[in-house]
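Quick note: the coordinates plus some simple rules give every number you see, no bench work behind them. Computed from a prediction, not measured in an experiment: that's the story for all the values here. Neighbour counts run over all protein chains shown; Cβ positions are idealised from the backbone, glycine included.
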Amino acid sequence: MDLKAMLPIFSGIFLAELGDKTQLATLCFTIRGGMSRLEVFLAAGAALVLATGLGVAAGRALGLLLAPAFLKAGAGAIFIVLGLALLREGRRERRSGPGTAPPCA
């Protein structure tokens, strides 16, 4: 196992996850109560491990079936579509006014 090769992967994923919806959902589950912080941590961690495992498996399968250039173009297109969806969601929230959405609903 090459830890030096793993560092860019860890850094990229860690920075991408900061402040994303998954982290905010975890924060909300912790705020709501009913579960200990350890239970929330373990459940959220298990979900992230499973989602990552699915991503690795799908990446491996797609890597065997599709050319790398097509995969990069497809990933870029998905990234753009998700970015546009987030912009639309933000615009909709801005129109409805601040504080109208309940926190951690």
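Counted by neighbouring Cβ atoms within 10 Å, the residues M6, M35 run from fewest to most as M6, M35.
Ranked for footprinting exposure by Cβ neighbours inside 10 Å, fewest first, K72, K4 give K4, K72. Computed from backbone phi with θ = phi - 60° and the Karplus coefficients 6.51, -1.76 and 1.60, the 3J(HN,Hα) list for segment 29-41 is 4, 5, 5, 4, x, x, 9, 6, 4, 5, 4, 5, 4 Hz; x is used for glycine and proline. With a simple spin-label model that places each label point 7 Å from the Cα along the Cα-to-Cβ direction, the separation between L86 and I31 comes to 1.9 nm.
A straight chain from R95 to K21 at 0.36 nm per residue would run longer than the Cα-Cα distance by 24.6 nm.
Net charge dipole, the chain: roughly 360 debye, given to the nearest 20, about the Cα centre with Cβ charges of +1 for Lys and Arg and -1 for Asp and Glu. A Gaussian network model of the chain, with springs between Cα atoms under 10 Å, assigns the largest mean-square fluctuation among G12, G34, G45 to G12. Shape class for the chain: oblate, because the ratio a/c of the largest to smallest gyration tensor axis (alpha-carbon atoms, square roots of eigenvalues) is 1.5 or more and b/c is at least a/b.
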